[in-house]
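The values are calculated or read from the model by the stated rules, or taken from the named source; none is laboratory data. Just so we're clear, the structure is a prediction, and the values are computed from it rather than from any experiment. Methodologically, a virtual Cβ is constructed for each residue, glycine included, from the backbone with ideal geometry; neighbour enumeration extends over all protein chains shown. Note: areas computed on protein heavy atoms with side chains; ligands, DNA, RNA excluded. Shrake-Rupley method; radii C 1.70, N 1.55, O 1.52, S 1.80 Å.
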Amino acid sequence: MKRPRHTLHIVTGKGGTGKTTIAAALAHALATDGRRILLCEVEGRRSITDLFGVELHGAEEPRLARTPAGGVVHGLSIDAEDALLEYLRTFYRLGIAGRALDKFGAIDFATSIAPGLRDVLLTGKVYEAVRRQAKGRKDAYDAVVLDAPPTGRISAFLNVHEAVSGLARVGPIRDQADSIMRVLRSDDTVVHLVTLLEDMPVTETIEAVDQLSPTRIKVGTVIANSITGSPLDHDQLQAAVDRRGLDLPQLSEADRAALEAEFAGVAGRELGERACAERLLELGLPLVSVPRETLGIDTTTLAQVASSLAEQLPAEVNA
């Protein structure tokens, strides 16, 4: 069994772009030929539970799906408070005492006054899951897909060096941040940006690429989700927008006007999508398009999205 080229795939995007769906589909696409893939979520959003109908509790990593290509996808919901308790047990051997701190609200207090610590804890759990393969653990995964925070805060979330700069210059927290950054900046890690072909999501995607640049974490692909598509060329679409070329004498004037208006709206959206796609292509990154799923997302349509991704992703991502 050949392992994926990248062992950590980080999926981000503006809220409402279908980021979780794409992350789940990517996990499906990677789960081939006996591979075990872990799909993670952070910040207690329950997105994976809502998508798969499988409850994620604490450190449990239940199976979410077997894929048609012969792989398995597991799920993990990472909670900052649980991660801090584990951190206290690991580095300070605080077991029962750590749980007592939780009862007094000390953990919530600590992560509130030092939000950077929360991000270190969350990324630390992802780091631990990725590192299992190198340690030869039986519960290792061939790749981890992270349904990450949205593009508005992705650079701050991933730049854990910056997050701990005001907290610790030495000690376990700093060592953990250093280890995490080595993995994030390695060739094993890649970030995928999910967007709609609309002005605001595209602008935020472009800004996220700029903000990620100083972190030296590789951006792999831009995934344009929920694309309508049209076989018409630019001139034909423009003619529809201008309400030219529609000759239907059998219709009444009112019906013809209504049909022209509908065609103009559809054509205008398609021209807008193409203009947004041109802006994204200027980034010099691979651009993947996922068709709109008009019937919503379930296990069947998720497999179809996964197949679309697998066909378009660069070979180094899907290998």
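List of remarks:
- Among the residues examined, Ser226 qualifies as surrounded by 15 or more Cβ atoms within 10 Å (Cβ to Cβ), at pLDDT below 95, within 18 Å of Pro150 (Cα to Cα) and of a type outside the set (D, E, K, R).
- Screening Thr49, Thr17, Thr21 for residues that are open to solvent by less than 40 Å² (accessible area, probe 1.4 Å) and either modelled with pLDDT under 90 or assigned to a strand (DSSP E or B) (or both) leaves exactly one candidate, Thr49.
- Cβ pairs under 7 Å, 6+ apart, first in the range 205-217 and buried (at least 20 other Cβ atoms within 10 Å of the Cβ), second among the aromatic types (Phe, Trp, Tyr): none
- Qualifying residue in the range 181-201 (condition: without any contact (Cβ under 8 Å) to a residue 24 or more places away in the chain, open to solvent by 70 Å² or more (accessible area, probe 1.4 Å) and more than 26 Å from the chain's Cα centre (by Cα)): no
- In the range 118-141, the condition of being closer than 29 Å to Gly15 by Cβ, exposed (fewer than 13 other Cβ atoms within 10 Å of the Cβ) and at pLDDT below 85 is met by no residue.
- The residue of the range 164-180 that is surrounded by the fewest Cβ atoms within 10 Å (Cβ to Cβ), among those that are among the hydrophobic types (A, V, I, L, M, F, W, C) and at pLDDT 70 or above, is Ile173.
- Test: Ala319 is modelled with pLDDT under 85, small (Gly, Ala, Ser) and out of contact with any helix residue (DSSP H, G or I) (no Cβ under 8 Å at 6 or more places or on another chain): yes
- Residues satisfying the stated conditions in the range 46-86, i.e. touching a residue at least 40 places away in the same chain (Cβ under 8 Å) and either among the charged types (D, E, K, R) or over 17 Å from Leu26 (Cα atoms) (or both): Glu61, Ile78, Ala80, Ala83
- Index of the failed condition, Val42 passing every other in (1) under 16 Å from Pro149 (Cα atoms); (2) of a type in the set (Val, Ile, Thr); (3) open to solvent by 10 Å² or more (accessible area, probe 1.4 Å): (3)
- Per-region count, the range 230-254, residues out of contact with any Leu (no Cβ under 8 Å at 6 or more places or on another chain), open to solvent by 50 Å² or more (accessible area, probe 1.4 Å) and not in a loop (DSSP other than H, G, I, E, B): 4
- For the range 296-310, the count of residues that are loosely packed, with under 12 Cβ neighbours inside 10 Å, without any contact (Cβ under 8 Å) to a residue 60 or more places away in the chain, in a helix (DSSP H, G or I) and not acidic (Asp, Glu) is at least one.
- Test: Pro150 is closer than 26 Å to Ala29 by Cα, open to solvent by 20 Å² or more (accessible area, probe 1.4 Å) and either modelled with pLDDT under 90 or touching a strand residue (DSSP E or B) at 6+ places or on another chain (Cβ under 9 Å) (or both): yes
- Of the candidates Gly268, Gly284, the single residue that is open to solvent by 30 Å² or more (accessible area, probe 1.4 Å) and on the phi > 0 side of the Ramachandran plot is Gly284.
- Some residue of the range 62-82 being modelled with pLDDT under 85, part of a loop (DSSP other than H, G, I, E, B), open to solvent by 40 Å² or more (accessible area, probe 1.4 Å) and under 17 Å from Pro149 (Cα atoms): yes
- In this structure, Tyr92 does satisfy being more than 30 Å from Leu309 (Cα to Cα) and either surrounded by fewer than 23 Cβ atoms within 10 Å (Cβ to Cβ) or modelled with pLDDT of 90 or more (or both).
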